[in-house]
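Heads up: the structure comes next, in structure tokens.
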Amino acid sequence: MTQYFTYDGFALHRAPTQVKALLTAFIAVVTISVGVGVVNYQVRTGLTAPGSAAWYRGAPSGSGAGEAAARTREDAAGGPLATTPLREKSPLELLDATHPHLFNQAFLFFVLGHVVALCAVRSRRKMALYVAGFLAVLLDTASPWLIRYVSPSLAWLQLTGHALMAGAFAGMVGYPLREMWLRGESGQAGDREG
Amino acid sequence: MAARRLGVDRADEEGGEPAGARSLLTLFRLSGGYRVLYSAVLFFFVLGHGAGLAQQALQAGLTPEAVADWWLGNASDPNAERLLFAKEPHLVLDAVWRRTLSGVLPVVVTLALLFRSSLPRTPFRALAVVLVATALLDIAAPALVRWGGRAWGAPALAAQVGLAASVAASAAVCWHDMWLRPEAGPRFRRGVGEAA
């Protein structure tokens, strides 16, 4: 993407339609994938601090915190089995999530960051989005370990990371979409540096 | 001085060819935003490979025998601390598939950034070869061990460790260029051939 930087007069809102279509399709698909990720967290933790603590540290069935994130599995006939009590996650189980997240989430913000870099948005705002995105990735990967091995009271850290990631993601898809489809030729030419 | 500001370090080494678009996009002349992007993604790639090694260590251990046991099982070993069964073919292929898709991208990105560094030609080529070779071997490792035998345990472990080390080395080179190199200076202004 950085080679676009050298094209004199390149602006995302004036990019060829096929480039806009490609970027829009990419943004649409990653939005769906992030949405699925949010649902994943909601199913497991209820997107609550008690739910997060219970998911990583375990909670007996019937406990208040455990019920917020308890899973119910169906047997072969389609009837519900007993609600599964949550057990504490082992280091390997945490790593099974941490390992792919470190690569995939970072790469996602890396790619989105390049798209944002082509937008006519002030450099400080871009920088804020980049920092927020990667900080959110750090929080998202570190918080399970902190909740599990330091204190359940750090579950708020994970929720903070979720909110930060949602905000950064919204900015990183919102600005390019606005630039490509809502900003006309007469739109203000902002700072197109990264 | 003007020629130097056009990022001709590699061009000097290559005999003074004119600076083109590629040489204008060297790491040490990037704007702050791009430095943050590239530094952060490299940081997470290094962490990710470290997590992969930790994962291997917890799964079975960080020895060639442990790597072989993970894919081939150790049911015949009476001294095994933990019983492992041979991985089903679909699980092995699943691992290879995942590594092919998600393991290649970090290597490509790392290589692309390394290409934009001021690393001289010979070390760059050496590091690039190690990076690609270890990545390819790491991708194929589950299948090689599962169907090639225990002898592939050592190369598989060497590939994983080598890949992590080469990514870390590449990241260190890039970070040095972006933040510590004396010439790391003002932002590159688009449309202007010289750094501001």
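The values are calculated or read from the model by the stated rules, or taken from the named source; none is laboratory data. Just so you know, these numbers come straight off a predicted model, no measurement behind them. Reconstructed Cβ throughout: ideal geometry from the backbone, glycine too, with neighbour counts over all protein chains shown.
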Any pair with Cβ under 9 angstrom, 6 or more apart, that starts in the stretch B:51-62 at a residue that is free of Cβ contacts under 8 Å to residues at least 40 places away in the same chain and ends at one that is of a type in the set (D, E, K, R)
B:Gln55/A:Asp96; B:Ala60/B:Asp69; B:Ala60/B:Arg82; B:Gly61/B:Asp69
Confirm whether A:Trp156 is aromatic (Phe, Trp, Tyr) and either outside any helix (DSSP H, G or I) or closer than 19 Å to B:Phe43 by Cβ (or both).
no
Lone qualifier among A:Ala77, A:Ala120 - being at pLDDT below 90, more than 12 Å from the chain's Cα centre (by Cα), assigned to a loop (DSSP other than H, G, I, E, B) and surrounded by 16 or more Cβ atoms within 10 Å (Cβ to Cβ):
A:Ala120
State all residues of the stretch A:119-163 that are of a type in the set (A, V, I, L, M) and more than 20 Å from A:Ser52 (Cβ to Cβ); if no residue qualifies, say none.
A:Ala120, A:Val121, A:Met127, A:Ala128, A:Leu129, A:Val131, A:Ala132
When only residues in the stretch A:162-194 that are at pLDDT below 90 and within 14 Å of chain B (Cβ to nearest Cβ) count, which is nearest to the chain's Cα centre (by Cα)?
A:Gly194
When both residues are 6+ apart or on different chains and their Cβ atoms are under 9 Å apart, which pairs have a first residue that lies in the stretch B:121-135 and is among the charged types (D, E, K, R), and a second that is modelled with pLDDT under 95?
B:Arg121/B:Arg10; B:Arg121/B:Glu13; B:Arg121/B:Glu14
B:Val46 away from every other protein chain (no Cβ under 13 Å), assigned to a helix (DSSP H, G or I) and touching a residue at least 12 places away in the same chain (Cβ under 8 Å):
no
